[in-house]
Amino acid sequence: MISSEREMSNTLFKEICSNSIPTCSTALATINKLPCPPKSSVYPYRQFFMASQSSIIWPDHFLPGTTDNFVSNETIARGISASQIWSLLSDISKWETYYKNCAQITAPDSGPTLQKGNMFKFSTFGFPPLTCTVEEYVEPARNTPGRIAWSSKTDEGLEIYHAWVVEDIEKDRVRILTQESQIGPIFDKWAMEKPNKMLLGHQDWLDGLVHAARGEEVGYTNLESVNFPVRTPHLSEY
């Protein structure tokens, strides 16, 4: 019986790869009809289709596709943990040590480690210091992704919502996802420009987190490669 079930699974996988089954949802529905044996290794493809990754939880006001600009950056790194990344991301006193595109940081009254409801300030992408409110804060734990998000609205009516997911994944890896949704004329303009400064800058943030977690210095950045002015960290910050 197990042998025939294995053959069914292998046949299904080949059909999926050859586009005989056109969609992942159809494939998953078909896979779920197969009986599940005690050892899941009989069905290596079931795990492939059942695997899922955490996504950002968006307020309706900032739903991507309805705002003036949206950027998404992600990286996966081996040999470091979500807790290592979280200690660098949640403590804003450490941001300038690995991210050149930020300055003039003012920590919340409660201290540099962010918590939900905190207000803080920082300057980035050439803007004057933005006043931000932490909208979401969940520390990473076993089977629970870390989540942090903040919003900001300027007197000129510019609005942003910047959110993160940090989670451990299989084979000693960490996944870091950051996305930002923006409202305002300047962001509508930036969405059309090439290269996309926001994408480059946020990738620098991800790269800096990974370098810092590994004890490495931050080198030449994406923003520097397009001559976008960034702050140069002092050596004492490393």
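Remarks
- Label-point gap, in nm, between ASN196 and THR144 - each point 7 angstrom along Cα→Cβ: 3.2 nm
- Projected label points at SER93 and ARG214, each 7 Å from Cα along the beta carbon direction, are separated by 2.7 nanometres.
- Set LYS153/LYS197; LYS94/LYS171; LYS100/LYS171; LYS94/LYS116; LYS100/LYS197 screened for pairs whose C-alpha atoms are more than 22 Å apart: LYS94/LYS171; LYS100/LYS171
- Near the amide H of ILE169, within less than 5 Å, lie the amide hydrogens of VAL174, ARG175, all on another chain or at least 5 residues away, with H placed in the peptide plane.
- Assigned charges on the beta-carbon of Lys, Arg, Asp, Glu; segment 60-237 dipole about Cα centre (debye): 260 debye
- Isotropic mean projected area of the C-alpha convex hull, segment 70-155 (nm²): 6.7 nm²
- Charge tally in the Cβ shell below 12 Å around GLY117, where Lys, Arg are +1 and Asp, Glu are -1, GLY117 excluded: -2
- Straightening the chain between ASP155 and ILE169 buys 1.0 nm, computed as 0.36 nm per residue apart minus the Cα-Cα spacing.
- Our compactness index for segment 60-237, the C-alpha radius of gyration over the empirical 2.2 N^0.38 Å, is 0.99.
- Proxy reagent accessibility, fewest Cβ within 10 Å first, across ARG173, ARG78: ARG78, ARG173
Values quoted throughout were computed directly from the atomic coordinates according to the rules given, and no laboratory measurement underlies them. Please read these numbers as outputs of a predicted model, since none were measured by experiment. Quick reminder, even Gly has a Cβ in these numbers, built from the backbone with ideal geometry, and neighbours come from all protein chains shown.
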